[in-house]
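Written below as structure tokens is the structure these notes are about.
Every read-out reported here was derived from the displayed coordinates using simple, explicitly stated rules and does not represent laboratory data. Just so it is clear, the model here is predicted, and its values are computed rather than measured. Note: ideal-geometry Cβ built from the backbone for every residue, glycine included; neighbour counts use all protein chains shown.
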Amino acid sequence: MLQKLDFNFPGITRVPVELSLGSYPFKQPDRTRDWVGHLKSVVPFVSISLFETSNQITWCQSNNRAELESEVCVYVRESKDPKKALLIYSSGRHSGLNRYVTFPSPNYLPKIHSGTFETGQVIQIASCESVPKVTLSVLTLTRSDVKSGRNGIWHIREEFVPLLKPPWSEILVRGRNGSFSSG
């Protein structure tokens, strides 16, 4: 579905961002599974986390404190229902999205991707063979392409606003988080 979210338009600053593979560092006795990776760039950047299911995309901004490095986290928390788990995803500070899902097995770990990409691209971080199927992605933008608002919220710079198409016109101009139908 994210292929529908074309984000290519002239003027956005393009610089390399590296997504390094972290690891599932441990499996705690309470069956918590955590993965932490890192996004790194040569210029400060902000990010938007995207949590996609078959019919909905939920998004959340990082805060406006642009940095050269940001954590990307995928957590799996057990629930009271043994068939379900809580999948939590975040990229950047103040950016957290979650949903209860059913994985194929109790020890399932989402497939995490790594590599180098450019700011201004929607990149898949992980795909989960779950019910519902989940894709976790991130969009990074350089600090020079956004302006800070109040309370840690940032927005795309004014000169880019007329170039935005839905849903980006909502995501990059208003608020810290939201969701929209992708069906």
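Data table
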item: Projected-area mean, the chain, by convex hull of Cα positions, square nanometres; result: 10.1 nm²
item: Per-residue [θ]222 nm for the chain (sum of -39500 (n - 2.57) over DSSP H runs n ≥ 4, rounded to 500); result: -500 deg cm²/dmol
item: Most mobile listed residue (Ser91, Ser79, Ser47) in the chain, GNM with C-alpha springs under 10 Å; result: Ser79
item: Whole-number percent relative contact order across the chain, with pairs defined as alpha carbons under 8 Å at least 6 apart; result: 25 percent
item: Estimated translational D of the range 72-124 in µm²/s (Stokes, Kirkwood radius over Cα pairs; 4 °C; 1.567 mPa s); result: 101 µm²/s
item: Extension gain from Asn177 to Glu158, taking 0.36 nm per residue of separation minus the Cα-Cα distance; result: 4.9 nm
item: Unsatisfied cross-links (Cα-Cα over 24 Å) in the set Lys133/Lys165; Lys84/Lys111; Lys83/Lys133; result: Lys133/Lys165
item: Separation in nanometres of the label points that stand 7 Å from Cα toward Cβ, at Glu18 and Arg65; result: 2.4 nm
item: For Val72, residues with placed amide H under 5 Å, excluding near neighbours; result: Gly37, His38, Leu39
